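The values are calculated or read from the model by the stated rules, or taken from the named source; none is laboratory data. It should be emphasised that the depicted structure is a prediction, and the values quoted were computed from it without experimental measurement. Note that each Cβ is placed from the backbone with ideal geometry, even for glycine, and that neighbours are counted across all protein chains shown. For the accessible areas, the whole protein counts, side chains as well, though only heavy atoms, and no ligand, DNA or RNA atoms are used. Shrake-Rupley method; radii C 1.70, N 1.55, O 1.52, S 1.80 Å.
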Amino acid sequence: MDERPPQSVRVWDLPVRVFHWLLVVLMTTSVVTGLVGGNAMVWHMRSGYAILALVLFRIVWGLVGSTTARFASFLYSPGRVFAFAKDLFLHRPAHYPGHNPLGGWMVLVLLLAVLFQVGSGLFANDDISTEGPLYRYISKNLSDKLTGWHKLNIKILFGLVALHVVAVIYHWLGRGENLVQAMFTGIRAWPSGAPVIALRFSSLWLALGLFVAAAIAVWLLVSQPVSQPI
Amino acid sequence: MKNFVKFGTALALAAGMSTIAYAQIKPEDAIRARQSIMRVNAINFGPVSAMAQEKIPFNKDIFVANALRLESVWAMNPTRFFVPGSDKPVAGARIAAFTDANGEIWSQPEKFKAAYDKETQEIGKLAAAARSGDEKAMKAAAGDVGKACKACHDDFQVKK
């Protein structure tokens with residue numbers, strides 16, 4: 001490989017970075033409040049609404065956002081995925097400015113799992129005093145089922161997040177790529193031998209507008225009338 | 001004195017009979033009884049918990065009424081109705097066609113009783129706070145009641 005010092009390229013836009021770390025904070029909040037229960041449940045619900053808005057935003061951003069944020073740019077064909085896995089296995093260099101072929105699919109799976117988690121929560125009930133805002137629209141039977149899946153899917157999410165973190169540690173210790181720092185700064189060390197790929201960055205105003213729209217949509221969805229106590 | 005002895009005997013008999021009555025309650029009736037008590041708990045706890053979390057405006061009268069009703073309903077002790085044979089719904093029974101009771105209720109009775117005692121204590125505190133009229137104490141106690149419900153459900157109510 002090239003011995004010249006690496007240069008830096010900007011790979012992640014601000015919306016992707018903010019999305020990522022906010023999701024970390026909110027997922028942690030959701031898990032903790034869900035385990036604590038009691039009066040913390042109101043925060044469990046609010047945190048879930050915020051996650052829903054974030055994920056909705058991220059899906060749209062995956063269609064209209066910057067190059068490295070787009071699904072079309074990071075969901076590679078099975079052939080590419082296998083080729084990349086082989087590169088990893090054989091310790092061969094393989095450089096992708098954004099998500100690599102394995103990481104890209106992982107991002108999609110994580111997003112869908114998180115979406116299912118919040119989606120099922122909207123319809124869940126805990127047989128104590130917490131009901132998702134859309135519980136009223138479905139039967140108790142179906143809500144109980146979705147509540148069961150809400151509890152099962154969080155375990156799947158734990159597994160996925162663990163895999164995600166292990167992969168990042170592997171890239172760091174095994175391949176000398178500090179992906180965590182890149183997710184904070186947006187900037188990655190780029191070996192000067194590797195080809196530079198042109199990246200386009202979308203407007204931050206567009207991101208802000210889309211996020212506000214997502215937040216309003218979630219707010220309309222979850223602000224249901226409360227029943228009067230007796 | 002004679003009357004006193006008679007009264008005492010009657011009381012003892014009544015106490016004995018009520019124990020027998022519960023021991024002999026049909027499994028499907030027992031399932032219906034405990035589920036009903038639980039449901040009525042939830043109906044009373046709902047507004048208390050919603051006010052404690054400021055999901056609905058605090059209304060002292062409604063809070064106190066519900067908290068005290070919860071205390072009365074809990075005093076029926078739902079754990080008495082987990083009688084032998086009620087771990088599964090009775091085949092063909094029209095009432096209580098399901099039960100979410102976890103088998104550990106019968107295999108770990110001390111742990112189940114501890115969860116019940118914990119709830120009794122927390123509901124006692126909630127009722128005391130309601131009687132004292134201290135809003136902050138009421139709200140905090142409601143949170144602890146909810147945690148005790150959850151703790152028992154996590155261990156003993158089957159995940160659906």
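Here are some notes:
- Relative contact order (%) - criterion: Cα under 8 Å, at least six apart; region: chain A: 33 percent
- Cβ-defined net charge surrounding A:Thr130, 15 Å radius [Lys, Arg +1; Asp, Glu -1]: +1
- Interface area, B with A, accessible, probe 1.4 Å, both sides summed, Å² nearest 100: 1800 Å²
- Near-label residues of segment A:98-112 by backbone N, under 19 Å of a point 7 Å along Cα→Cβ of A:Leu206: A:98-99
- Using θ = phi - 60° in the Karplus curve 6.51 cos²θ - 1.76 cosθ + 1.60, the 3J(HN,Hα) couplings for segment A:202-218 round to 7, 5, 5, 5, 4, 4, 4, x, 5, 5, 4, 4, 4, 5, 5, 4, 5 Hz; x is entered for Gly and Pro.
- The residues packed around A:Ala182, meaning those with a beta-carbon under 11 Å from its beta-carbon, carry a net charge of +2 if Lys and Arg are +1 and Asp and Glu are -1.
- For segment B:45-94, the per residue solvent-accessible surface stands at 50 Å², with DNA, RNA and ligands left out and a 1.4 Å probe.
- Threshold 20 Å² - residues in segment A:125-160 whose accessible area is reduced by that much or more when the chain is no longer isolated, probe 1.4 Å: A:Asp127, A:Ile128, A:Ser129, A:Asp144, A:Gly148, A:Lys151
- Cα centre as origin, Lys/Arg/Asp/Glu Cβ charges: the protein assembly as shown dipole, Debye: 360 debye
- Checking the Cα-Cα distances for A:Lys145/B:Lys139; B:Lys60/B:Lys136; B:Lys26/B:Lys118; B:Lys55/B:Lys139 against a 22 Å cut-off, the pairs over it are A:Lys145/B:Lys139; B:Lys26/B:Lys118.
- Anchor B:Lys125: aspartates and glutamates whose Cα lies under 19 Å away (excluding residues fewer than 8 positions away in-chain): B:Asp61, B:Glu71, B:Asp117, B:Asp134, B:Glu135, B:Asp144
- Computed lengthening from A:Val196 to A:Val32, 0.36 nm per intervening residue step minus Cα-Cα distance: 54.8 nm
- Against the empirical curve 2.2 N^0.38 Å, the C-alpha radius of gyration of the protein assembly as shown lands at a ratio of 1.32.
- If only the Cβ of Lys and Arg carry +1 and only the Cβ of Asp and Glu carry -1, the dipole of segment B:2-156 around its Cα centre is close to 460 debye.
- Within the accessible area of chain B (1.4 Å probe), percent carbon and sulfur: 62 percent
- Projecting the Cα atoms of A:Gln224, A:Ile128, B:Leu70 onto the charge dipole of the protein assembly as shown (Cβ charges, centred on the Cα centre) puts A:Gln224 farthest toward the positive pole.
- Equivalent ellipsoid semi-axes, segment B:2-156, via Cα gyration tensor eigenvalues times 5, rooted, Å: 30, 23, 14
- Sites A:Tyr170 and B:Lys159, calculated FRET efficiency, Cβ-Cβ separation with R0 25 Å, nearest 0.05: 0.15
- Estimated 222 nm signal from helices in chain B, with DSSP H stretches of n ≥ 4 weighted -39500 (n - 2.57), rounded to 500: -24000 deg cm²/dmol
- Buried on assembly, segment B:48-73 (at least 30 Å² less accessible surface than by itself, 1.4 Å probe): B:Gln53, B:Lys55, B:Ile56, B:Ile62
- Cα-based helix-to-principal-axis angle, A:140-175 vs chain A, degrees rounded to 10: 20 degrees
- Across the accessible surface of chain A, with the other protein chains kept in place and a 1.4 Å probe, carbon and sulfur atoms take up 73 percent.
- Interface residues of segment A:22-58, defined as those with an accessible-area decrease of at least 10 Å² between the chain by itself and the complete set of protein chains (probe 1.4 Å), are A:Gly34, A:Leu35, A:Val36, A:Gly37, A:Gly38, A:Asn39, A:Val42, A:Met45, A:Arg46.
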